[in-house]
Structures are given as C-alpha cells and as structure tokens.
Amino acid sequence: MSVARPQPFEIHVSDDALDDLHRRLTWINWPDEIAGSGWDYGTPIAFMRDLVAYWRDRFDWRAVEGRLNRFQHVRLQLDGLRIHAVHQPGAGPAPMPLLLAHGWPSTFYEMLDLASLLADPGRHGGDPLDAFTVVVPSLPGHGFSDRPSRPGFEDRQAGQICAELMSAFGYERFGAHAYDLGASVTGLLCLDQPERMIGYHTTSPGNPPPGVGLDTPGLSDAERAYLSYLAEWSREEWSYGHILGTRPQTVAYGLHDSPTALAAWIVEKWRAWTVPPGGDVLDHFSKDQLLAIVMIYWLTGTMNAANRYYYEGRHTRWPRSGEQTPVPLGVALTATQRFEQPPREYVARMFPDIRRWVRLPRGGHFVAMEEPELLAEQIRAFFRPLR
C-alpha cells in the first residue's frame, strides 16, 4: 500500500477574506439581554462589545499568521481528506515521536507553545534527552484539514487517520498527549491499535468513558459519586451537546454567517471550562489568544464540521464495560474542572496500566495554552521511563 507523502504548506489568508470579516464586525445587530445577569444566560453583551471592538480595530491576523508559519506545516491526503499538521522535529539525541491532539472548540493553535517546549527542551532550560518530535494535526473538520462530507465520520475514524498520519512521517510507534475530543480520538486509538502506542498522557482521563453506569455492579463509592456528578453536570452544562447531537445544522447558519456569534459561542466554553466562579477569562487567556482560535474556525469555515462530531458520536462504537488496552497511561488532572477528575479506579477499568497520576496545582480544560510549561513537564516526566 502506498503511503501518502506530506507536502509543505504555508498559511496565508486573502485580503478579501479579512476585509469581509472587518465589514461583518462593523455592522452587528446586537441582541438584548437581562440587566445585571453577567454570564448566567451566556456570553454578556458588554464583554462581546469590548472583544469585537478589539478584534475589528487592533487584532493583527497577519502577525498571528507570521508566527504560525515559523512552524513546519504540511498537508497530505488520507482517507480522501486533506489533513493539515504541524511537524516539529525534536532537538535532542533521540527525540520520541509524539502526537498532540487538540480538543473542542479549539484548534492546533492551542498546542503550539506546548509543542515548542517539548520539541526543544534544552532551549527552555530542560534536558535535550527529553526531546520529542511533535506532530500536531488539525483533526478532520477543524482548521486547515478538510471537512468530512459523508455522514457517520466520527472519533474512531479520526483516530485511524491520526495513526496513518504518523505512518506518513515514518513513525510506526509513537507517544500521544490529548484531551477532550482529542482524548476520545486517541483513547479509541489505544483500544484499536495498542501496538502503535508507546504511551498515552491525558488531562481528560474519563474520555472516552469505560462503558459503566450507576447500575453497573461493583462500582466504588467514588465512582458512584463521580457518575452522579456527571449526570448533574450534564443537566446544567450539556445543553450545547444535546443540540449538537441532534440538530447541529440549525445552529450552523448563525455560526457560519456571523463572526460575533462564533466568538460568543467559543469564548463562552473557554471561560466556563477554565475560570473558577466569579473569575475573568482574560486573566487566563489574552484577547489575541482567544481571537486566534476563533479566527481559524472563521477563516476555514469549520465550526459546523467540528460540531458534527457530537451528532456522529451517536454512531461511534464506544468502549464496552470490561474492554481494556495495555497502553501505559499518564494522567494530569486539571485543577478547576471536576468533570475532568474521575477516580483512579474508574480510569483503570479501561487503562489498567496507569504509570503516573498527578493533580495539577492550576489550569483548566485548555491547560495546554493556559499553562504550557506546567503541562510540558508532566508529559516529559511520564514518558521519561518509556524511552
């Protein structure tokens, strides 16, 4: 079987696309809101007016583009889709191949500071023996990868494409770090192709879930408490997942047509899954960071394709109770999000070979961008004995 060859790729957005965006950020039909409601009803108008003004008048996409193009980008054809990835060679005597898979609603951009730290630890005060050659894909339907156009494309197929991507670079065995959607994709890959995996590190150890529920015999008290919390969290927080899992096309029109709607949709999740109650999302991420994520979705028109993973998830063959993988696992629990803090015995149902279990002192769902140095050290420590 012939292996696809990666081709160099440079990111460049047309002036026309940026001019169109500026016009849309100038003429906005603002909604009303309940006075004094803060974030209770969703992203508040005062926050959005300030963010949009900055976006329209001060945000510099060309500067972001220049930074992006300092990395080595490729695209290649896999399973009928053009897949984009950053391929950053490691600076050390024996770099380990490492896949970094982003989550939702995020893009490869979130992983770039982390990729730099992992690829060249010596430049950042670390040991070159810890170097990784890092591959950061845009998962299918995200960023500069193609949007799947057939029904039924889901997490497991995305995992197979990630494995093919690593093969295209010549890496038959590799490590991985992932979270959120990337954790679903990579965790399923650990079940399907464990022989490919040197080890797997994650900040989303309950994703994919190990196929148990509150009626499963033999649950520990901690597992029951965690599953009960997840049910409560779903009632309060998962309304977005329900609509995306049933009618994603309906919300697509607003998100694809209005950059303001898209930014409100994305930033609300970055805040909710990062900031402790009463906190400010801008204490954790800059406007430039948040808008770079939004811009990649806007300029590539991929929000609808990314959202469809929720719909297609109904067709994914998720792990069954008792299904296990021998891949060594490292876990770094995020500090602020209880839904990402399952008990160890829950995770061990699918990953019995847990080599590292750490609770981070700070950082939320998007910790790769929020605290890249902290996460890089955890990844290095986990993989050190696996080299």
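The values are calculated or read from the model by the stated rules, or taken from the named source; none is laboratory data. Predicted model only: the values in this text are computed from it and were never measured. Neighbour counts run over all protein chains shown; Cβ positions are idealised from the backbone, glycine included. Remember, those area values only see protein heavy atoms, side chains included, never the ligands or the DNA or RNA. Shrake-Rupley method; radii C 1.70, N 1.55, O 1.52, S 1.80 Å.
Tabulated data
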| quantity | calculated |
| --- | --- |
| Exclusive hit being outside any helix (DSSP H, G or I), open to solvent by less than 10 Å² (accessible area, probe 1.4 Å) and closer than 25 Å to residue 91 by Cβ, set 175, 126, 182 | 175 |
| Residue within the range 35-43 that is at pLDDT 95 or above and open to solvent by less than 80 Å² (accessible area, probe 1.4 Å) present | yes |
| The range 35-76: number of residues that are part of a loop (DSSP other than H, G, I, E, B) and not acidic (Asp, Glu) | 15 |
| Residue within the range 132-149 that is outside any loop (DSSP other than H, G, I, E, B), touching a residue at least 24 places away in the same chain (Cβ under 8 Å), within 19 Å of residue 317 (Cα to Cα) and under 17 Å from the mean Cα position of the chain (by Cα) present | no |
| Tally, over the range 121-164, of residues that are of a type in the set (Asp, Glu), touching a His at 6+ places or on another chain (Cβ under 7 Å) and within 17 Å of residue 99 (Cα to Cα) | 0 |
| Hits in the range 1-34 (condition: in a loop (DSSP other than H, G, I, E, B), closer than 29 Å to residue 72 by Cα and open to solvent by less than 70 Å² (accessible area, probe 1.4 Å)) | 4, 6, 9, 11, 13, 14 |
| Conditions (1) at pLDDT below 95; (2) surrounded by 19 or more Cβ atoms within 10 Å (Cβ to Cβ); (3) not hydrophobic (A, V, I, L, M, F, W, C); number of the one not met by residue 151 | (2) |
| Inter-residue pairs, beta-carbon under 9 Å, first polar (S, T, N, Q) and in the range 18-42, second open to solvent by 50 Å² or more (accessible area, probe 1.4 Å), 6+ apart | 26/56 |
| Qualifying residue in the range 154-163 (condition: on the phi < 0 side of the Ramachandran plot, in contact with a Gly (Cβ under 6 Å, 6 or more places away or on another chain), part of a helix (DSSP H, G or I) and open to solvent by less than 20 Å² (accessible area, probe 1.4 Å)) | no |
| Residue within the range 358-370 that is farther than 26 Å from residue 173 by Cβ, in contact with a Gly (Cβ under 8 Å, 6 or more places away or on another chain) and open to solvent by 40 Å² or more (accessible area, probe 1.4 Å) present | no |
| Residue satisfying all of: in the range 281-299; in contact (Cβ under 8 Å) with a residue 40 or more places away in the chain and open to solvent by 10 Å² or more (accessible area, probe 1.4 Å); nearest to the chain's Cα centre (by Cα) among these | 289 |
| Residue tally, condition surrounded by fewer than 18 Cβ atoms within 10 Å (Cβ to Cβ) and touching a helix residue (DSSP H, G or I) at 6+ places or on another chain (Cβ under 6 Å), over the range 317-337 | 1 |
| In the range 233-263, residue surrounded by the most Cβ atoms within 10 Å (Cβ to Cβ) [restricted to those that are under 18 Å from the mean Cα position of the chain (by Cα) and among the aliphatic types (A, V, I, L, M)] | 263 |
| Scan of the range 185-199 for residues that are open to solvent by less than 10 Å² (accessible area, probe 1.4 Å), farther than 22 Å from residue 307 by Cα and in contact with a helix residue (DSSP H, G or I) (Cβ under 6 Å, 6 or more places away or on another chain), ordered by number | 197, 199 |
| Residues of the range 1-57 satisfying the condition of being over 28 Å from the mean Cα position of the chain (by Cα), of a type in the set (A, V, I, L, M, F, W, C) and over 22 Å from residue 295 (Cα atoms) | 1, 34, 35 |
| Matching entry among 114, 118, 100 (being in a strand (DSSP E or B), of a type outside the set (Ser, Thr, Tyr) and closer than 25 Å to residue 207 by Cβ) | 100 |
| Contacts under 6 angstrom Cβ, first residue in the range 255-280 being in contact (Cβ under 8 Å) with a residue 24 or more places away in the chain, partner among the charged types (D, E, K, R), 6 or more apart | 259/24 |
| The listed residue being touching a helix residue (DSSP H, G or I) at 6+ places or on another chain (Cβ under 6 Å), more than 27 Å from residue 234 (Cα to Cα), assigned to a helix (DSSP H, G or I) and modelled with pLDDT of 95 or more, out of 368, 376 | 376 |
| Residue count, the range 1-35 (criterion: aromatic (Phe, Trp, Tyr) and touching a His at 6+ places or on another chain (Cβ under 8 Å)) | 1 |
